[in-house]
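The structure under discussion is supplied below as structure tokens; questions concerning it will follow.
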């Protein structure tokens, strides 16, 4: 059974401009979550610059660059909670990519949270 928050989120269809502070930098990443017939889609509303790192879709795991970028994820995201976990993982991997050039979770990454 879906939680009340999940039911409400599906009813309204979109959660705009949700902030996640990436680990370990605490820099802000903003996302919009949209519910579609095939699950949740995560749009990247704002994120830090990639600096000198390549910022193409393959390196950064994003689609829609130049129009409305969203996270590249190959599985169906069934719940808002799962979508938030995917967005947090993507932000933390992006932080590590900016720092090291490797798009993977940073060493010692704790469980993500909180969402504001």
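Considering only the range 80-97, I want to know if a residue exists there that is closer than 22 Å to residue 13 by Cα and part of a loop (DSSP other than H, G, I, E, B).
No, because not a single residue in the range 80-97 is closer than 22 Å to residue 13 by Cα and part of a loop (DSSP other than H, G, I, E, B).
While we're looking at this one, here's another question. Mind telling me which of the residues 15, 23 ends up being touching a residue at least 12 places away in the same chain (Cβ under 8 Å) and farther than 21 Å from residue 105 by Cβ?
Values: 23 fails: farther than 21 Å from residue 105 by Cβ.
15 is the lone residue from the list that is touching a residue at least 12 places away in the same chain (Cβ under 8 Å) and farther than 21 Å from residue 105 by Cβ.
Also: Looking at the structure I just gave you, is residue 13 touching a helix residue (DSSP H, G or I) at 6+ places or on another chain (Cβ under 7 Å) and exposed (fewer than 15 other Cβ atoms within 10 Å of the Cβ)?
Numbers: touching a helix residue (DSSP H, G or I) at 6+ places or on another chain (Cβ under 7 Å): no; exposed (fewer than 15 other Cβ atoms within 10 Å of the Cβ): yes.
When the stated conditions are applied, residue 13 does not pass them.
Which residues, counting only those in the range 77-107, are over 20 Å from residue 19 (Cα atoms) and over 14 Å from the mean Cα position of the chain (by Cα)?
Residues of the range 77-107 that are over 20 Å from residue 19 (Cα atoms), as a first pass: 78, 99-104, 107.
Matches in the range 77-107: 78, 99, 100, 101, 102, 107.
If you take the residues of the range 37-68 that are surrounded by 11 or more Cβ atoms within 10 Å (Cβ to Cβ) and closer than 17 Å to residue 82 by Cα, which of them is farthest from the chain's Cα centre (by Cα)?
Restricting to residues being surrounded by 11 or more Cβ atoms within 10 Å (Cβ to Cβ) and closer than 17 Å to residue 82 by Cα, the top hit is 39.
Same structure, new question: Does residue 79 qualify as being closer than 20 Å to residue 26 by Cβ, in contact with a strand residue (DSSP E or B) (Cβ under 8 Å, 6 or more places away or on another chain) and touching a residue at least 60 places away in the same chain (Cβ under 8 Å)? So that I can check it myself, show each step before the final result.
Numbers: closer than 20 Å to residue 26 by Cβ: no; in contact with a strand residue (DSSP E or B) (Cβ under 8 Å, 6 or more places away or on another chain): yes; touching a residue at least 60 places away in the same chain (Cβ under 8 Å): yes.
In short, no.
Each reported figure results from applying straightforward, stated rules to the coordinates on display, with no laboratory input. Computed from a predicted structure; not experimentally measured. Counting neighbours? That spans all protein chains shown, and the Cβs are built from the backbone with ideal geometry, glycine included.
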